[in-house]
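> The structure's right below; bear with me while I get my questions together.
Nothing in this text is a laboratory measurement; each read-out follows from the coordinates by a stated rule. It should be emphasised that the depicted structure is a prediction, and the values quoted were computed from it without experimental measurement. Note that we place each Cβ from the backbone using ideal geometry, even for glycine, and neighbour counts take in every protein chain shown.
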Amino acid sequence: MVLHHSPSLWRAARSRLWADRVGRYSLLVVIFYLALMGLVLGGALARNWNEPQALNYAPPRWFESDANRVVPPPQSLSVTDISVPLYGWRDPLEPNWSHWAQEVRLHPRQAPILATTRLLGADKWGRDVLDKVLQGTATSVWVGLIAAAVATLIGTLLGAVAGYLGRWTDDLLNGLYGILTAIPYLLLVFAVAAVFQKKGLVPLILILGLTGWTGVYRLIRAEYLKHREREYVLAAGALGASHIRRMGIHILPNVSHVILVQFSQNLVGFIKSEVILSFLGFGVPVSAVSWGSMLNEAQNELILGKWWQLVVTTLAMAIFVTALSLLTDALRDALDPRLSA
Amino acid sequence: MTGRPLLEVIDLSISFGRGRQSQQRAVDRVGFAVYPGAMTALVGESGSGKSVTALSLLGLLSPTHAHIEPDSRLLWQGCNLLEYSVRQWRSLRGRSIAMIFQDPLSSLNPVLSIGYQLEEVIRVHGKIPRGERRQRARQLLEQVGIDHPDERLNAYPHELSGGQQQRVMIAMAISSGPQLLIADEPTTALDVTVQRQIMLLLKHLQSQLGLAILFITHDLALVGEFADEVVVLRRGRVIEQGRVKKMLQAPEQDYTRALLACRSGLSSGVLRLPVIDEEGRLQAAAQQGIARQERIQGSPVLEVKDITHAYVRRISGWRKMRQVALEPVSFTLMAGKTLGVVGESGSGKSTLARIVAGIQIPDGGTLRYLVPLDPVRHHPVQMVFQNPFASLNPRFTVAQILLEPLQLHHVGSSKSERLEIVQHWLVRVGLPKDSIERYPHEFSGGQRQRIAIARALTLSPSLLICDESVAALDVSVQAQILNLLRDLQDELGMSYLFISHDLSVVRFMADDILVLQSGKVREQGSVEQVMTSPQHVYTRQLLASLPKTSVTH
Amino acid sequence: MNLGWFMMRRLFQALLTLLGVVTLVFILFNWVGGDPATVLAGKMASAEDIANVRHQLGLDRPWWEQYGLFLGQVVRGDYGTSWATHEQVSTIFLTRLGPSLTLLLPLLMLQTLCSIGIALLVAVWRGSWLDQGIRVASTVAMSISLLVYIIVGQYWLAYVWGWFPVKGWSDSTWVNLTQYAVLPILLGLMVSIAPSVRLYRSFLLEEIDQDFVRTARAKGLSEFRILWVHVLRNAAIPIVTDVLMGLPGLLTGAFLLERFFSIPGIGREIIMAVERSDFPLIKATTVYVALATLMANLLGDLLYRWLDPRVRLE
């Protein structure tokens, strides 16, 4: 299906958005975050987030200078020291031991020199908070984006079908909508999270996307219900346009502003949900980091007085979500069809 | 008019929009006076600034959007209203100057009862004790001609008919004995027969209470029959003002003359209406047209036999209610002829249009299109809708709008051939060739309706259905579109199914007339026959509701 | 329309929806997530153990019998025992309801009152610095995760400054309301007020631009009366509906508060159940909360009819 976007109306909306100072700056911030996400996912940034870069709990550089920190002597690493009581069991790897020990001697490895401070500090394992927050931002935004895309797609498709066709299709889909909305959103997410035994990004995206389409569905259905009776759609019908054509080519561009606003609203919601899920340990796997899992670590660090990870994560998230919310509002105003009429 | 004026408007200028460059002057140095006990009409087409002027008289314009220029003066019995404080305004509103609006349903609070809303005004302004307020409210309802006032007091606005709602608005307006009543298009949203009753009520109250009325309208015919004084506005300026009788008989300004001509022409049996050009001057129509009698007698194109339709509404659970929209309707439409369908809201006329257009399927009866279905004319029936602002897809360019039917029916072998067809029709309906890449919102209402007509014509239909196609347009634009439709009919020999609530427009367009009321055919016959000797009571009512303008042109 | 008919129809619809929820839960827990027996039997279980558990749970029977069993459980309100604590699920649910309500009812009430108050202020002076300021503040407030409010609030207000108890719960409702629930309620308000203010503001503004407000002004009414009688009376319809529909959502929505402040409510129980894969408990909660939601919707519908004469008499 080809979308016939009218550049004129979209251009008018774009210039309205750009003329709105809040809209312009929030758009720039969102683009900046998306660019960061792209760089991190592409491997250009924060690739070594999971390796220690500094001493554990190294403070931010501007907060405490290097001179106050004492560098502990590097620990020597030895493989042959292993002597674990095995209670009569035989380690199945025993035949390899001598070979490994030789390998280690042949390639002496320098213990990494760990910094005493980092720009934004380091966590319990000495991982750099800046790298972590970049990686966490990428994960959270990515999960939110894909889940919002899935939810918006499902919601739009079902909403369009229900609103346009009406009758039993509408009754059926409304029934499904009624069932899903009878369960409060987070409870539904928890229930689905509970049965998904594997943790990972894909289940997480599916959980959010498959449960979160109801809002889009409701609005798009109402729009299609309204537009179906509009004269321009009746006119298209009188000219012989098929139902698919009326749904996709005539009505869809006219409700696209609703879809766009819903998408960005869903994005905000899903990012918040992901943070809560990951915080509780039902979200991203241990091998990944997101704003939620960082907040989880930060919670325990705060009690020890190590506040930097909490502050950095909160700021990263608050700036993005604020910008996105403001952008959603600005989009809603800029795309309001009443203004272009 | 003798005596001191009640209200004097002097050099009133109002601009809209914030910031210097975006300011738009809606009202430009307007001046007129309203005298006690007289009905002064403020007449103009859309964009003339008449409603803005009316709202400014009660201080109801939004201060953030509208800006009244400093040298404007509104003298109410000698005091400048523009210097009033908030408190002074409030004691003026409802007590000395009252106002009623165009759409009575949305102007009444939907969740409060009629009685509550009436008593509220009485309480705010009057010194009537609590116990007698109900009685006073009852009296008021009786005064404006509402039956069973006791029951109506407990009713909610949506339970009343449009005419009754407007009567309630009037009752609220006169409750505190105001000296001036501003009526902003009070009858535009109502059916023609109701319209007349409301006007008669206003006229009655004017004489009975000695009320001055400022009547805002677009309808010169109503002015001619009811008003005493008239002020003609165009694009925010006063064109002409004076006594109604004098002005309508001998208008001094071209614009007034033109406005009168494009309405009164409807009744005088002319073939083309005079139109108004950009500068507001009167122009004769470009083409002369062929007289009705001289048109070639053709064969029938459409035979409709006993068509019925009912809407099914779910009222509760599994119970459904059938609401009859059309009782058996039959007619035959001849080639090159126009059948006019007249009816008020709820008469089933739009349902009929949709059935003939093939958008809706009738419950019973037969439709026979007697058009040779040659391969080019795939769609012999096309339709032009009422609202030109809603019938064009706002996201399509004019080119996309006009090309779509050609693409759908594989007319023309290449894009360039199709574009040629499109351009031909664009020029034919009177639009510039370069409008093809533009979007509907860049056009005025009349131009949009031309686009809609061009779209219908691209498939060369033999029957064109016009469902209230000029109802949303100003009278001057209406005349242009009606002329265009007649030109096209003379040239292409199409038949029209012309549907309207406006008997005078139908009289101008049609050869035969079909009168519909609540789904039933009340009368059917040739125009002359129906207009000169109506058989059914309802037709006579409709005819009687046509304003009796004493104007001869 | 006749009220009895209306109630009958809505009850029937609610029942159908509930059946749908039950079916959804059944499908979700029996098939989507894999074999529940492997979850219950644990990680070290042998094939024999698993087969045993399957038999116990009735998983070796055909699906319609399993479905029938589950329906029976729902109808009797007996979901068996928790896999983790072996307590009766219904007992767990009943004992956790009290603390949840102690926390949530005051929260909902305060939230509604504050939101309507602020929304009225903002709607009257819309476009002013107050409106702008509150808009920006609420956008920023909404963008910070509830987690951060809780972590920071609990650390500073309770732990460092000692204004409130860090966590805990007592047997006395009064003590709970005046001591343990105060900080959680305040923190809950921080996040929940902003969205409601936005919503209610839009409800109010929708009415403020209506024609009947212009009529009221033309009648010479004071701005206060216009707002209080004409605008608020109309805006009350969506507001009341929104509050009622939001009630069941709060039941689980406050789980973070309950977890951090060790309040033995339903929300905390759910999180623990998800952590321990305690399926009977999650299933029961889902069905119960759905039932509560449907009842709230029904009540909302009735109130809506009572408030709006246009619907009432159709």
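> Along the charge dipole of the stretch B:111-176, which of B:143, B:171, B:124 sits closest to the positive end, that is, farthest toward it, with unit charges on the beta carbon of Lys, Arg, Asp and Glu (+1, +1, -1, -1)?
With unit charges placed on the Cβ atoms, the residue in question is B:124.
> Among A:285-296, B:195-206, how do they line up by average Cβ neighbours within 10 Å per residue, starting with the highest?
Ranking, from highest mean packing down: A:285-296, B:195-206.
> Quick check: residue separation of residue C:97 and residue C:202 times 0.36 nm, minus the Cα distance between them. What number comes out in nm?
Difference between extended and current length: 34.4 nm.
> Give the lysines whose C-alpha is closer than 17 Å to that of residue A:132, dropping any in the same chain fewer than 8 places away, or say none.
Straight-distance partners of residue A:132: A:124, A:306.
> Going through the DSSP H helices of chain C, which span 30 Å or more along their own axis at the Cα atoms while scoring at least -1.0 as a mean Kyte-Doolittle hydropathy?
Answer set is C:3-27, C:89-124, C:182-208, C:232-253, C:279-307.
> Another one. In straight Cα distance, which lysines are under 19 Å from residue B:127, not counting same-chain residues fewer than 8 positions off?
C:219
> Residue A:260 to residue B:235: FRET efficiency via 1/(1 + (r/R0)^6), r the Cβ-Cβ distance, R0 60 Å, to the nearest 0.05?
It comes to 0.95.
> Among C:80, B:200, B:26, which residue has its Cα positioned farthest towards the positive end of the charge dipole of the protein assembly as shown, with +1 placed on the Cβ of Lys and Arg, -1 on the Cβ of Asp and Glu, and the dipole taken about the Cα centre?
Most positive-ward Cα: B:200.
> Given Cβ point charges of +1 (Lys, Arg) and -1 (Asp, Glu) and nothing else, what value in debye, to the nearest 20, does the dipole of the stretch B:395-458 about its Cα centre take?
140
> Roughly how many whole Å is it from the C-alpha centroid of the stretch B:458-488 to that of the stretch A:177-206?
Cα centroid to Cα centroid, the span is 57 Å.
> Between residue A:35 and residue C:167, with labels modelled 7 Å along Cα→Cβ, what's the label distance in nm to one decimal, could you check?
With each label placed 7 Å out from Cα toward Cβ, I get 4.3 nm.
> A further question follows. Within 10 Å of each Cβ in B:393-402, how many Cβ atoms from other chains are there, averaged over the peptide?
6
> Per-residue mean of other chain beta-carbon atoms within 10 angstrom of the beta-carbon, peptide C:137-144?
So the per-residue partner count for this stretch is 6.
> Peptides C:114-126, B:442-454: what's the order by average Cβ count within 10 Å, highest mean first?
B:442-454, C:114-126
> Here is a follow-up. Please report the antiparallel percentage of DSSP beta bridges with both residues in chain B, rounded to the nearest 5.
55
> How much FRET efficiency would the formula 1/(1 + (r/R0)^6) give for residue B:415 and residue B:323, where r is the Cβ-Cβ distance and R0 is 35 Å, rounded to 0.05?
After rounding to 0.05, the efficiency reads 0.15.
> Pop the C-beta distance of residue A:244 and residue C:84 into the FRET formula with R0 = 56 Å and round what comes out to the nearest 0.05.
Efficiency, from the Cβ-Cβ distance: 0.60.
> Could you work out, for the protein assembly as shown, what percent of all Cα-Cα pairs fall into each 20 Å distance bin, beginning at 0 Å and stopping at the bin that holds the largest distance?
The percentages, shortest bin first, are 9, 31, 33, 19, 7, 1, 0.
> Further, regarding this structure: Modelled label-to-label distance, residue B:303 and residue B:159, 7 Å Cα→beta-carbon offset: nm?
Inter-label distance under the simple model: 5.1 nm.
> For a quick protection proxy, order the peptides B:92-98, B:432-438 by their average other-Cβ count within 10 Å, most packed first.
Result, highest mean first: B:92-98, B:432-438.
> Also: With the cut-off at 1.5 for a/c, could you classify chain B from its C-alpha gyration tensor as rounded, prolate or oblate?
Prolate shape, in that a/c is at least 1.5 and a/b is the bigger ratio.
> Something else now. How about the stretch B:110-156: which trypsin sites (Lys or Arg not before Pro) there lie in a loop by DSSP and see at most 12 other Cβ atoms within 10 Å?
Listed in order of number, the matching sites are B:127.
> With the dipole of the protein assembly as shown worked out from charges on the C-beta (+1 for Lys and Arg, -1 for Asp and Glu) around the Cα centre, which of B:307, B:515, A:318 lies farthest toward the positive end?
Looking along the dipole axis, the top candidate is B:515.
> Oh, and also: Test of understanding: what is the full-extension gain from residue A:332 to residue A:44, defined as 0.36 nm times their sequence separation minus their Cα-Cα distance?
Here the answer is 100.2 nm.
> Based on Cβ point charges of +1 for Lys and Arg and -1 for Asp and Glu, what charge dipole magnitude is obtained for chain C about its Cα centre, in debye rounded to the nearest 20?
It comes to approximately 880 debye.
> Can you give me the distance in nm between label points at residue B:278 and residue B:368, each placed 7 Å from the Cα along the Cα-to-Cβ direction?
5.2
> Hey, another quick one. Summarise the partner chain shielding of B:79-92 as one whole number: the mean count of Cβ atoms from other chains within 10 Å of each residue's Cβ.
That average works out to 1.
> Determine which lysines satisfy two conditions relative to residue B:349: a Cα distance under 21 Å, and not lying fewer than 8 residues away in the same chain.
Filter leaves B:305, B:337, B:520.
> Follow-up. With charges set only on the Cβ (+1 for Lys and Arg, -1 for Asp and Glu), what does the dipole of chain B come to about its Cα centre, in debye to the nearest 20?
1160
> Which of C:113, C:101, C:247 moves most in a GNM of chain C, Cα contacts under 10 Å?
Largest GNM mean-square fluctuation: C:113.
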